[in-house]
Amino acid sequence: MNNPTSFPKNFWWGSATSAYQVEGAWNEDGKGESIWDRFAHTAGKIKNGDTGDAACDHYHRWREDIALLRSFNLNSYRFSIAWTRIQPTGAGPANAKGIDFYSRLVDALLEAKIRPFVTLYHWDLPQALEDAGGWPNRDTASRFADYGGLVARALGDRVSDWILLNEAISFTTEGYLNGTKAPGRKSLPATLRATHTANLAQGLGFRAVKAASPNARVGSAFSMSPCEPASDSEKDKRAAGRAHNFRNVWFLEPAFNGRYPEAFPFLPSRLMGIKSGDMDRVRAPLDFIGINFYDRTIVSAPGGTERLTNPQYWFLPAKMGRGSAGPKTDFGWEVWPQALHDIVMRITRDYNRPVIEITENGCSYADIPGPDGLIHDDRRIAYFESHLGALSQAIRDGADVRGYHAWSLLDNFEWEHGYGERFGLTHLDFKTQERTVKESGKWYARVAAQNSLG
């Protein structure tokens, strides 16, 4: 990298999606019901009553979407597999039509010289497994390993790079603690158990994929955000350290070092359901670390009264909030590119310079076609340019970053926010399914083609 705005040779330039957010076809070709199907069909859970039933209709329009990837000059596409397309109830033999869909997608990507970068779990647990206890039920870890091995046996001859879990911190806390995402439960004990089951799933799943495809590169995608103390006080600094340990490495430290980091004043082993031998089971020498980054976290220590009245602060004495000093996206998230550099360097230092891929980074802006028919989303261009600049600096500072995936290829279903937030490089008319490349998409195509911000 002689040019300070260039990226390493053979850098992966990509974009990312997830199955429930783009595929649609929610009950076609033998697909079973997932927790997001159930959640979205429950009144009051999703903004405007939106559902992912149709989403971006990627299930039928995937050829169009591969053409978009090619027009962006990308050589990597991160997508997820819908568990219930493969195992409608989360167990048993593979649904042939589900395997066939992803097999065709993989073949077409390879023909287009685009790496299929496959995520096995992006939040869409089979509803049948949730009915049996969901992620708080440790049997779900074994079910996930069975599913992962099944998919790897079917696609491992062509797929070399696998992501086990997407943002385990998100689907456990938002699904089981605050209930904002599927399955919508609110239980601190259930959340603690869910985090341990997810760590077991990661360890068991790693071994299952490797057994099916020994030469595969296997990692996970972690939601990460540098946790900065709200003040210089020792209390806030300690709280920020605890927040980092839970927010960023609760699913990384067990994989690499077979232990939980010091987030809580004490480890609630019994509540978490930790059994003899589990800390060997959670180990997974990941081949790479995927980092999903959006913004930074500001942390302060809760007061005594807050700890007494809020059980969450008794377990994790750290108040976490979004930064507010920088400009905001239309989602209200702070734009602070330095934080991407900071978290990449923190993981680089703490984990002996691992291979890193940025598996998600992006922003929501509600720009629409103008009178000229173009979508002039200058704020998104500025966002990507500043974050890629920060990432380039991290690489120059010694981080081994191999790829970057913009979130997202398409405007899509943004979970509990429905279709109100637009993260795409491509604008979607959700009534007609017409795809229109935004000016940011054209800009990103130029960056990918020249492997440089120059």
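The values are calculated or read from the model by the stated rules, or taken from the named source; none is laboratory data. Quick caveat: nothing in here was measured; it's all calculated off a predicted structure. Neighbour counts run over all protein chains shown; Cβ positions are idealised from the backbone, glycine included. Please note that ligands, DNA and RNA were not included when accessible areas were found on the heavy atoms of the full protein model with its side chains. Shrake-Rupley method; radii C 1.70, N 1.55, O 1.52, S 1.80 Å.
So the values come out like this:
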| read-out | value |
| --- | --- |
| In Hz, Karplus ³J(HN,Hα) per residue of region 437-447 (6.51, -1.76, 1.60; θ = phi - 60°; x = Gly, Pro) | 5, 7, 4, 5, x, 5, 5, 5, 4, 5, 4 |
| With every protein chain in place, the chain: carbon and sulfur % of accessible area (1.4 Å) | 49 percent |
| Among 331, 293, 226 the positive-end extreme of the charge dipole of the chain (Cβ point charges) | 226 |
| Which of 127, 448, 260, positive extreme of dipole for the chain (C-beta unit charges) | 260 |
| Interchain or long-range residues, amide H under 5 Å from residue 222's placed H | 167, 290, 291, 292 |
| If the convex hull is drawn through the Cα atoms of the chain, its volume per residue in Å³ | 140 Å³ |
| Estimated 222 nm signal from helices in the chain, with DSSP H stretches of n ≥ 4 weighted -39500 (n - 2.57), rounded to 500 | -12000 deg cm²/dmol |
| For region 290-418, the Rg and Dmax computed from alpha carbons only, in angstrom | 17.7, 58 |
| Cα-based Rg / Dmax (Å) for region 59-195 | 16.1, 48 |
| Cut-off under 5 Å, modelled amide H: who pairs with residue 400 long-range | 356 |
| Cut-off under 5 Å, modelled amide H: who pairs with residue 331 long-range | 364 |
| Solvent-accessible area per residue for the chain (1.4 angstrom probe, square angstrom) | 37 Å² |
| Cβ-based charge dipole, the chain, positive-most Cα from 89, 36, 58 | 89 |
| In sequence order, calculated HN-Hα J values of region 307-324 (Karplus, 6.51, -1.76, 1.60; Hz; x Gly/Pro) | 5, 6, 9, 10, x, 4, 6, 5, 6, 10, x, 7, 8, 10, x, 6, x, 9 |
| Phi to ³J(HN,Hα) by Karplus 6.51 cos²θ - 1.76 cosθ + 1.60 over region 93-107, Hz, x for Gly, Pro | x, 6, 6, 4, 5, x, 4, 4, 4, 6, 5, 5, 4, 4, 4 |
| For the chain, size of Cβ-based charge dipole, Lys and Arg +1, Asp and Glu -1, in debye | 1140 debye |
| Nearest-20 debye value, region 280-416 charge dipole, Cβ charges on Lys, Arg, Asp, Glu | 720 debye |
| Cβ charges +1 (Lys, Arg) and -1 (Asp, Glu), total dipole of region 64-188, debye | 100 debye |
| Burial order of peptide ranges 100-112, 28-40 (average beta-carbon count within 10 Å, highest first) | 28-40, 100-112 |
| Whole-Å semi-axes of region 149-303's equivalent ellipsoid (Cα gyration tensor) | 29, 17, 15 |
| Solvent exposure ordering (accessible area, 1.4 Å, most first) of 396, 349 | 349, 396 |
| Computed over the chain: relative contact order in percent, which uses C-alpha pairs under 8 Å that are six or more apart | 18 percent |
| Label zone at residue 94, where the point sits 7 Å out along the Cα-to-Cβ direction: region 136-167 residues whose backbone N lies under 13 Å | 147-159 |
